[in-house]
Amino acid sequence: MTSESITSSAYIKHHLQNLTFGKLPDGGWALAQTPEEAKEMGFWAINLDTLGFSFLLGVLFLYFFSKVAKSATANVPSGGQNFVEWIIDFIDNSVRGSFSARNAIVAPLALTIFIWIFLMNLMDLLPIDWLPTVAHSLGLPFLKVVPTTDPNATFGMSIAVFFLVIYYSIKIKGVGGFAGELALQPFSSNNPVIKAGFIPINLFLEGVNLIAKPLSLSLRLFGNMYAGEMIFILLALMGGAWAVASVGNSVLFGTQVLLSLGWAIFHILIVTLQAFIFMTLTIVYMDMAHQEHH
């Protein structure tokens, strides 16, 4: 789908709409042909493009790292081995700097989060119309290629981290210790009456702090990637408008190319930074779950 064949509003809506499969109001199951149909499908609708690209990128990550691991040598390493070892050293240093306890799952979790989110974010650097145009030629009404611009994906990852934090909080501190952290902090007193009065306040404050963890993880990643995708769409629209208004004007075309290239180069930083922030916060939250307060 090209920006010349539809209005600007329709072009934006098309590129921000997921390929959704679900139950239609008439009872049948099908792909949503319009955003309105996707909305009517409700909570149990499935965004096939988000799941598909997430799965494929996860498989790519596992395949590449496992292939390098199987061919690793103590002699002169290959470029792929150097790259993987550099990433593992980077993750190891991040974990050592932010995680004070001992848990064998934290480093692999951090590695998986960083690489997987980085790959999903990196899809944002593909030309905005390439894959949606291919999908349209195959009869698919929509295709959203950046999984992290779908809040379902970012919330899914953050909720998984949240459950791990809750699990290890209870495992390390016990149910009583975990409940005590929520009810007896940050305000406490040696007076039993005042201490009891502080419990509702502490539960409210600590409850908000607890719920804020998955919200902060998911919304930060989603917001930054969604904004980046929107800018790419607007740049594509601008280039299409200039092409129609000034056919053959190389200056306007060159300006649009430079703007797109400049934003893509800057966006590489955002792509990497958002993966790093999600990973670092996960390590910090896991560290907090392992700390016992007396």
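Yes or no: the range 267-275 includes at least one residue that is of a type outside the set (Phe, Trp, Tyr) and either under 20 Å from Pro132 (Cβ atoms) or modelled with pLDDT under 80 (or both).
Within the range 267-275 (the criterion being of a type outside the set (Phe, Trp, Tyr) and either under 20 Å from Pro132 (Cβ atoms) or modelled with pLDDT under 80 (or both)), the answer is yes, since at least one residue qualifies.
Please go through (1) surrounded by 13 or more Cβ atoms within 10 Å (Cβ to Cβ); (2) among the hydrophobic types (A, V, I, L, M, F, W, C); (3) without any contact (Cβ under 8 Å) to a residue 40 or more places away in the chain for Met225 and return the number of the only condition it doesn't satisfy.
If we test Met225 against (1) surrounded by 13 or more Cβ atoms within 10 Å (Cβ to Cβ); (2) among the hydrophobic types (A, V, I, L, M, F, W, C); (3) without any contact (Cβ under 8 Å) to a residue 40 or more places away in the chain, just (3) comes out false.
Filter the range 168-194 for residues that are among the aromatic types (Phe, Trp, Tyr) and in contact (Cβ under 8 Å) with a residue 40 or more places away in the chain and give the result.
Tyr168
Give the range 85-96 a look and list any residue that's under 23 Å from the mean Cα position of the chain (by Cα), under 14 Å from Thr280 (Cα atoms) and not aromatic (Phe, Trp, Tyr), or say none.
Passing the criteria: Ile91, Asp92, Asn93, Ser94, Val95.
Go through (1) at negative phi; (2) without any contact (Cβ under 8 Å) to a residue 24 or more places away in the chain one by one and return the number of the condition Gly139 breaks.
(1)
For (1) part of a helix (DSSP H, G or I); (2) touching a residue at least 40 places away in the same chain (Cβ under 8 Å); (3) within 30 Å of Glu292 (Cβ to Cβ), each residue gets a yes or a no:
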{"site": "Leu62", "(1), (2), (3)": "yes, no, no"}
{"site": "Lys67", "(1), (2), (3)": "yes, no, no"}
{"site": "Ile87", "(1), (2), (3)": "yes, no, no"}
{"site": "Ser94", "(1), (2), (3)": "yes, yes, yes"}
{"site": "Arg102", "(1), (2), (3)": "no, no, yes"}
{"site": "Met123", "(1), (2), (3)": "yes, yes, no"}
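When you scan the range 126-150, how many residues do you find that are in a helix (DSSP H, G or I) and buried (at least 16 other Cβ atoms within 10 Å of the Cβ)?
7
Considering Phe187, Phe155, Phe163, Phe178, which residue is in a loop (DSSP other than H, G, I, E, B) and aromatic (Phe, Trp, Tyr)?
Being in a loop (DSSP other than H, G, I, E, B) and aromatic (Phe, Trp, Tyr) holds for just one of Phe187, Phe155, Phe163, Phe178, which is Phe187.
Kindly check whether there is at least one residue in the range 23-32 that is closer than 20 Å to Phe276 by Cα and outside any loop (DSSP other than H, G, I, E, B).
No: the range 23-32 contains no residue that is closer than 20 Å to Phe276 by Cα and outside any loop (DSSP other than H, G, I, E, B).
If Val193 satisfies all but one of (1) surrounded by fewer than 11 Cβ atoms within 10 Å (Cβ to Cβ); (2) at pLDDT 90 or above, what's the number of the condition it fails?
Of (1) surrounded by fewer than 11 Cβ atoms within 10 Å (Cβ to Cβ); (2) at pLDDT 90 or above, only one is false for Val193: (2).
Being of a type outside the set (Lys, Arg) and on the phi > 0 side of the Ramachandran plot is true for just one of Gly27, Gly58, Gly80. Which residue is that?
Being of a type outside the set (Lys, Arg) and on the phi > 0 side of the Ramachandran plot holds for just one of Gly27, Gly58, Gly80, which is Gly27.
Mind listing whichever residues of the range 196-218 are buried (at least 16 other Cβ atoms within 10 Å of the Cβ) and either under 20 Å from Ala153 (Cβ atoms) or under 16 Å from the mean Cα position of the chain (by Cα) (or both)?
Lys213, Pro214, Leu217, Ser218, listed by residue number.
Looking only at the range 31-50, which residues are under 17 Å from His136 (Cβ atoms) and touching a helix residue (DSSP H, G or I) at 6+ places or on another chain (Cβ under 9 Å)?
The answer is Leu31, Ala32, Pro35, Asp49.
Taking the condition of being surrounded by 12 or more Cβ atoms within 10 Å (Cβ to Cβ) and under 21 Å from Ser158 (Cβ atoms), how many residues in the range 52-109 meet it?
Residues that pass the stated criteria total 15.
The values are calculated or read from the model by the stated rules, or taken from the named source; none is laboratory data. Given the structure is predicted, the values throughout are model-derived calculations rather than measurements. Heads up, the Cβs are rebuilt from the backbone with ideal geometry, glycines too, and the neighbour counts pull from every protein chain shown.
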